[in-house]
Each structure stands twice: as C-alpha cells, then as structure tokens.
1. Hey, can you tell me all the residues within the range 70-116 that are within 18 Å of the chain's Cα centre (by Cα) and in contact (Cβ under 8 Å) with a residue 60 or more places away in the chain?
2. Which of the strands (runs of 3 or more DSSP E) found entirely inside the range 1-93 contain at least 2 residues meeting this: within 25 Å of SER125 (Cα to Cα) and in contact with a Ser or Thr (Cβ under 8 Å, 6 or more places away or on another chain)?
3. Within the range 116-146, can you find the residues that are part of a loop (DSSP other than H, G, I, E, B), modelled with pLDDT of 90 or more and of a type in the set (A, V, I, L, M)?
4. Of all residues in the range 63-76, count the ones that are surrounded by 18 or more Cβ atoms within 10 Å (Cβ to Cβ) and modelled with pLDDT under 95.
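The values are calculated or read from the model by the stated rules, or taken from the named source; none is laboratory data. Predicted, not measured: the structure shown is a model, and the values here were computed from it. Cβ placement follows ideal geometry from the backbone for every residue including glycine, while neighbour counts extend to all protein chains displayed.
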Amino acid sequence: NRAVLISDEAAAGSDLVATSYALAEAIKRESPDLVLFGQQAGDSDGAVLWAAVADRLQLPVISQVSELKVADGTVTAKRQTEFGYDRIQAPLPAVLAVSDALNEPRYPSLKGIMGAKKKPQEVLSLADIGVAADRAGQAGSRTTVTALSPPPSRGDTQKIEDDGSAAQKILEYLMERKLV
C-alpha cells in the first residue's frame, strides 16, 4: 500500500550492528505483524541481518522459509534445512527470512506498474526514526575491515570443461593421483 525509505547520508558505512539498529527502530515505528527479509543482500552477504533485527525487537525469527501461512495470530512456516524440511509455528509479530523458493518471480503488469507509481512513498531520515547520528554510519559501526584479498591459491588446479567427456577426464585425474 505504501513504501518507507530510510535515506540519510549519516547512515553511509553502516555495518551489521548499525544497520540492524536503524532497521529495528524503523520497524518499531511501523508496528507490523510480519517482517519479511530476503536470505541475502548483495552488499555484504552476511545473511544474519534478519536475526540481528529480530533480536533487537525481541521477536521470534524463522529463517530459510520456503512456504508460509498466517492465521489466528500465528505464522506457520516450512523451513528448508540440510536434511529436509521443518514446520515451525510462531506467534505474531514475527520476523521471517524467506528463501527464493517462497515465490515464483513474475513480471508486473502495466496496470500494476502504473498503480505502484501512485502509492505513497515516505522518505525518512535517521532522526525521523529516532536514531542518533552516533548509532549509525561508521560512528555506530562496531566492525572494521582491515584488508581484502583474494583467497590463497590451493596449488595446482585443473579446470575441466564439459564437452561430453568430463566424467572420463575426472576419472583419469583421480586415477593419476591414485585416489580411485
């Protein structure tokens, strides 16, 4: 029905700690029954922001959600694990991190695009959501990146292109090293 965007230069450089704090404060302002996060973000790939926000809000959290149902003040989620699926139920309000299996992406219709343009978008600063400047950005961050580098080489590597004979090439490679 509407969008809320937190946009403030003072938030630049925020780490997980500062970002989770600002998001939690914005979510408190909205008082939603259900908070949905994606599993990962393209900026840091921490894949724990949703858990940090849930902790700050003291709300139940379910991750890896591939299916969900909301009824009677509870959410029931099918959670993907390494060994299959779990069914988890939690009271609302709750925080969920959804996997890409939850929804089949689709292109919006022209009517949907035009309708979305008419929806109100509220742009808020950190002050609007009650976040002091020293709790966001680099000042509010608790982590420091000291260096970035590619991973160390693992020695001799061999890339095998699959032209229909990849299985045979892999077998020969393993036999040469007496691993098969």
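1. Scanning the range 70-116 gives ALA94, VAL95, LEU96, ALA97, VAL98, SER99, ASP100.
2. none
3. LEU126, VAL131, ALA132, ALA136 - these are the residues of the range 116-146 that are part of a loop (DSSP other than H, G, I, E, B), modelled with pLDDT of 90 or more and of a type in the set (A, V, I, L, M).
4. Step one: of the range 63-76, the residues surrounded by 18 or more Cβ atoms within 10 Å (Cβ to Cβ) are 63-65, 68, 75.
Applying the additional criterion that residues be modelled with pLDDT under 95 yields 63-65, 68.
Residues flagged as surrounded by 18 or more Cβ atoms within 10 Å (Cβ to Cβ) and modelled with pLDDT under 95 within the range 63-76 amount to 4.
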